[in-house]
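The values are calculated or read from the model by the stated rules, or taken from the named source; none is laboratory data. Since we're looking at a predicted model, the values are computed, not measured. So basically every Cβ, Gly included, is an ideal-geometry build from the backbone, and we count neighbours across all protein chains shown.
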Amino acid sequence: MKLIDTVRQLRRELKPHRARTVGFVPTMGYLHEGHLSLVKRAKAECDVVVMSIFVNPLQFGPNEDFDRYPRDLERDAALAREAGVDVLFHPSVREMYPEPMLTRVEVSEITDRLCGVSRPGHFAGVATVVTKLFNIVQPDRAYFGLKDAQQVAVIQKMVRDLHIPVEIVPCETVREPDGLAMSSRNVYLSPEEREKARILSRSLFEARDGWSSGELDTPEEMTEFVRKRISSVPDADIDYVETWSWPDLKPLGTLHDGKFIVAVAVRFGKTRLIDNLLFDAKEER
Ligand code: AMP
């Protein structure tokens, strides 16, 4: 595995591979099984796998966790190598932003809800850095986790709107044995908070059961059910519980046709966790 930290070197490294299929896994590092599942999929479908590790300041708000976001390049490099990453791109902030940026990539409407409300500017930061990374790596396919479902919707729309020549591959959320969605931010949780955090996935799975059995029949009932279950846990501070159509994130009349998402964001102390489930009324019910 090659470890590369400049755009120039990366371009030089990838030049001989241009005729082959390049798969790309963008991350912020502190790797876990969720990230590695994206690599596994990329390995299976591509000739060359590039992973980036870059904690992007542009997508963090002023009071968010940019400074304390967990970082461990040595451990990450070992895990990436073991997983079969061919090129690990780890640029500095100065390398990615050598001069003040006067350009932003913004996707409207689908960023007006869910995480877009509590994290203003977040998705413009994500769309901008992903565009930069796509231009640097020029991958054929890029792999994103559905744990960050709104991010997948935003990137897919951006790629279509701007004719960016990359195929976006959404990948299933990888969970801990008790259901908690894996996340680099889980390390912030105290043992008590970690225990309480199980309610996110548990409430979503129960909602899925309620929907399958016909007990939960409207978007409002789904949302209310999940909200009540999460509220029953002390210190679970709900940011949002919402049900939208998928992937266009529009209000839903019914849960009886098409795809939809139930998504949650909850704070435990200083740590904000997100989770979601996707539903397909045509296939599942
Ligand atoms: P991050 O490092 O948190 O920015 O995540 C990098 C990529 O890994 C994103 O596409 C995430 O959606 C994906 N990812 C993070 N956690 C998981 C998970 N538990 N399961 C699947 N993909 C994940």
Practice item. Kindly indicate which of L79, L38, L3, L10 is away from the ligand (no atom under 13 Å from the Cβ) and assigned to a helix (DSSP H, G or I). Key: L10
**Study point:** Pair list, Cβ under 6 Å, 6 or more apart: the range 25-54 residue over 18 Å from R75 (Cβ atoms), other residue within 8 Å of the ligand (Cβ to nearest atom)
**Key:** R41/Y143; R41/C171; A42/V25; A42/Y143
Exercise for review: Given the conditions (1) assigned to a loop (DSSP other than H, G, I, E, B); (2) surrounded by 21 or more Cβ atoms within 10 Å (Cβ to Cβ), report the number of the one that V55 does not fulfil.
Suggested key: (2)
Revision key, fill the gap. Output for Cβ contacts, cut-off 7 Å, separation at least six or different chains, first residue surrounded by fewer than 16 Cβ atoms within 10 Å (Cβ to Cβ) in the range 224-239, second aromatic (F, W, Y), reads D235/F268
Exercise for review: Could you tell me whether any residue of the range 84-93 is modelled with pLDDT of 95 or more, surrounded by fewer than 17 Cβ atoms within 10 Å (Cβ to Cβ) and more than 28 Å from R20 (Cα to Cα)?
Suggested key: yes
Check your understanding: Taking the range 120-155, which residues are under 25 Å from R185 (Cβ atoms), more than 13 Å from the ligand (Cβ to nearest atom) and either in a loop (DSSP other than H, G, I, E, B) or among the small types (G, A, S) (or both)?
Key -> P120, G121, A124, A127
Study note, to complete from the structure: Selection from the range 13-35 of residues surrounded by fewer than 21 Cβ atoms within 10 Å (Cβ to Cβ), more than 9 Å from the ligand (Cβ to nearest atom) and not in a loop (DSSP other than H, G, I, E, B) yields E13, K15, P16, H17
**Study point:** Within the range 156-180, considering residues that are more than 7 Å from the ligand (Cβ to nearest atom) and among the charged types (D, E, K, R), the one nearest to R198 (Cα to Cα)
**Key:** D178
